[in-house]
Amino acid sequence: MAKKTKAQKSAEAALDAAAAAAKDAKKLSKALPKKDGRKLRALVDDAKDAAQPSKKKLVKKPRKVEKAAVEATARLEKATAKIAKKTSSATAAVEKKKSVEKKPAEKKKSVEKPAEKKAAEKPVEKKPVEKKDVVEKKDVVEKRLISAKTAAVEATVKTPAKAPTNAPATPTPARRAIPKAAASVDLDALTVTALRARARAAGRTGYSRLTKAQLIALLSS
């Protein structure tokens with residue numbers, strides 16, 4: 001068996017590299033779209049052809065065989081790197097699109113949570129008391145106050161002071177009328193609503209539009 005030259009050994013190494021590159025590229029082509037897979041398979045076939053020269057050609061022209069194998073391997077590696085870059089960019093674009101679509105949904109969810117929490121924590125609003133009920137209650141209280149004051153004044157007028165034991169008996173005076181000044185002072189202390197209530201209780205008419213001074217004059221007469 002003839003001893004292999006240095007050129008033949010170098011050519012065989014280039015052939016092995018071309019064959020390995022063709023094998024890897026063939027696997028990759030199966031996972032690619034039709035167009036990219038077709039292009040890559042054509043280069044795979046070129047690399048296979050370059051990796052399988054005849055023995056006669058390898059012995060006589062080892063440098064030419066090596067050059068063809070190296071060039072076929074370089075073309076295949078270049079195409080593989082380009083396709084890998086393209087695939088990586090497409091994958092990154094898809095991931096970016098997914099993340100962009102996902103972010104607004106997450107933001108909306110995070111915005112809705114505080115709103116729901118706020119609604120849950122919101123205390124039950126108390127039903128406001130109607131103004132009409134307040135006014136009616138106030139009128140009732142004022143009427144009772146007026147009645148109590150009137151009763152107290154009448155009791156003071158009707159009940160005479162007891163005469164001393166040693167003092168000579170004096171004739172009981174007739175029922176005194178309430179001084180107008182005292183009545184006026186008593187009426188001045190009342191509000192317009194109380195004065196109107198008192199006029200209504202006294203059976204007066206036409207008092208609804210009177211001022212406080214006019215109401216006092218009406219009740220004092």
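The values are calculated or read from the model by the stated rules, or taken from the named source; none is laboratory data. Worth saying up front: this structure is predicted, and the values here are computed from it rather than measured. SASA here: full protein model, heavy atoms, side chains in, ligands and nucleic acids out. Shrake-Rupley method; radii C 1.70, N 1.55, O 1.52, S 1.80 Å.
Here is how the numbers come out for the structure above:
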quantity	calculated
Extension gain, LYS30 back to LYS3 (0.36 nm per residue minus Cα-Cα distance, nm)	5.6 nm
Net length gained if the chain between ARG38 and VAL100 were fully extended (0.36 nm per residue, minus Cα distance)	19.0 nm
Accessible area expressed per residue, the range 9-78, with surrounding protein chains retained (probe 1.4 Å, Å²)	69
Contour excess over end-to-end distance, with Cα ends at ALA74 and THR193 and 0.36 nm allotted per residue	32.1 nm
